[in-house]
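Novice: Here you go, one structure.
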Amino acid sequence: MKLQQLRYIWEVAHHDLNVSATAQSLFTSQPGISKQIRLLEDELGVEIFARSGKHLTRVTPAGEAILKTAGEVLRQVESIKQVAQEFSHEKRGSLSIATTHTQARYALPKPIEMFMSKYPEVSLHMHQGTPMQISEQAADGAVDFAIATEALELFSDLLMMPCYRWNRCILVPKSHPLAKLSRLSLEDVASYPIITYVFGFTGRSKLDEAFFTRGLSPKVVFTAADADVIKTYVRLGLGIGIVAQMAYDEKIDSDLVALDASHLFTPSVTKIGFRRGTFIRGYMYDFIRMFAPHLTKDLVEQAYLCSNKVEIDELFEHIELPLY
């Protein structure tokens, strides 16, 4: 059994069983990959992939178990490389982050600017996607950090730490009737068509929960993953917008009014997560601290030793998170 063979079956499984696409991504030949997979299957005495002619059709039950272990082996190999690089080139390497548009656009620019200034020889890679995609990438070890508000809790392999609290505002044109009210109620908001985030994005679950608890059925007429898109359709008069407070810029959005909605919705918490067992390099600790200053190296190391979500929650229960 060769490490290269494990990498081939892992990559094929993560390229939708497309051997040709896998070969292109690994800069090798399709016949070479197919041959190595067959040799591995012959050595193990089981099929990892079911076939129809020359095409792979699905992962077999034995293949599922083998791929799970292969992924763990490959991640351990990567950790060994990271350990070696930490001692040979402590300020050189790469850092990959998976996050949502809201975090990438509004919360991350300053810490990333600070990080790149301090570590010019570290290549930084940002992947944007849905919270579920982000969590899966971190759980699979495809990225170093996941930064999101939703879905991270669904993956037990992720160690998640709270970064900051945030809430929402209601965006309306200056002439809108809601702009004349001194204090909004949920009933006021629910009486107008609403434009907000797609479910599963940017704390959307807290918004739905608030209306449900009051027995209200708001008319959500348009959803998007991007706050800038939401603002565009508010400007067209299609509805009132509900976005993260951080997404409102007084200069850029001067034609809109941001109405305080912090008393209407429970604050959401943005978290940063990484796969348990990940080797955290020095510059990775620094990035976490730049993004969330209360997450010192000592505190992250304490969190690293926690074995479950309950222990993590207990560790952070007395820490007052900043409000973004």
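Novice: Since Leu95 meets every condition but one in (1) modelled with pLDDT under 90; (2) surrounded by 15 or more Cβ atoms within 10 Å (Cβ to Cβ); (3) not in a helix (DSSP H, G or I), which condition does it not meet?
Specialist: Condition (1) is where Leu95 drops out.
Novice: Follow-up. Within segment 73-80, identify whether any single residue is surrounded by 13 or more Cβ atoms within 10 Å (Cβ to Cβ), under 23 Å from Gly141 (Cβ atoms), under 29 Å from the mean Cα position of the chain (by Cα) and of a type in the set (Ser, Thr, Tyr), and answer yes or no.
Specialist: Yes.
Novice: Mind checking which residues of segment 274-313 are open to solvent by 30 Å² or more (accessible area, probe 1.4 Å) and of a type in the set (Lys, Arg)?
Specialist: Listed by number, the residues that qualify are Arg275, Arg276, Arg289, Lys297, Lys309.
Novice: May I pose another question? Could you tell me which residue of segment 56-72 is most open to solvent (accessible area, probe 1.4 Å), considering only residues that are touching a Phe, Trp or Tyr at 6+ places or on another chain (Cβ under 9 Å) and closer than 21 Å to Ala139 by Cα?
Specialist: Val59
Novice: Using beta carbons and a limit of 7 Å, which pairs, at least six apart or on different chains, have the first residue in segment 247-263 and open to solvent by 40 Å² or more (accessible area, probe 1.4 Å) and the second one β-branched (Val, Ile, Thr) and assigned to a loop (DSSP other than H, G, I, E, B)?
Specialist: Going by the 7 Å Cβ cut-off, there are no qualifying pairs.
Novice: Just checking, which of Lys81, Lys118, Lys2, Lys35 is among the charged types (D, E, K, R), within 30 Å of Tyr248 (Cα to Cα) and out of contact with any His (no Cβ under 7 Å at 6 or more places or on another chain)?
Specialist: The match here is Lys118.
Novice: In segment 282-307, which residues are over 28 Å from Ala210 (Cβ atoms), under 20 Å from the mean Cα position of the chain (by Cα), assigned to a loop (DSSP other than H, G, I, E, B) and touching a residue at least 60 places away in the same chain (Cβ under 8 Å)?
Specialist: Leu295
Novice: Could I ask something else about it? Within the set of pairs 6 or more residues apart or between chains, which connect a residue that is in contact (Cβ under 8 Å) with a residue 24 or more places away in the chain and in a helix (DSSP H, G or I) inside segment 16-40 to a residue that is among the small types (Gly, Ala, Ser) and open to solvent by less than 30 Å² (accessible area, probe 1.4 Å) with Cβ atoms less than 8 Å apart?
Specialist: These pairs meet every condition: Ile33/Ala23.
Novice: Specify which of the listed residues (Ser156, Ser117, Ser135, Ser175) is part of a loop (DSSP other than H, G, I, E, B) and either buried (at least 19 other Cβ atoms within 10 Å of the Cβ) or at pLDDT 85 or above (or both).
Specialist: The match here is Ser175.
Novice: Let me ask another. Among the numbered conditions (1) open to solvent by 20 Å² or more (accessible area, probe 1.4 Å); (2) of a type outside the set (Val, Ile, Thr); (3) touching a strand residue (DSSP E or B) at 6+ places or on another chain (Cβ under 8 Å), tell me where Leu216 comes up short.
Specialist: (3)
Novice: Only one of (1) crowded, with 18+ Cβ neighbours inside 10 Å; (2) in contact (Cβ under 8 Å) with a residue 60 or more places away in the chain; (3) among the basic types (Lys, Arg) is not met by Arg204, so which one is it?
Specialist: Failed condition: (2).
Novice: Which ones in segment 145-192 are within 15 Å of the chain's Cα centre (by Cα) and more than 17 Å from Thr102 (Cβ to Cβ)?
Specialist: Glu153, Leu154, Phe155, Ser156, Asp157, Leu158, Leu159, Met160, Met161
The values are calculated or read from the model by the stated rules, or taken from the named source; none is laboratory data. Fair warning: this is a prediction, and the values are worked out from it, not measured in the lab. Here the Cβ is made from the backbone with ideal geometry for all residues, glycine too, and neighbour counts use every protein chain on show. Accessible surface is based on the protein model in full, side chains and every heavy atom, while ligands, DNA and RNA are left aside. Shrake-Rupley method; radii C 1.70, N 1.55, O 1.52, S 1.80 Å.
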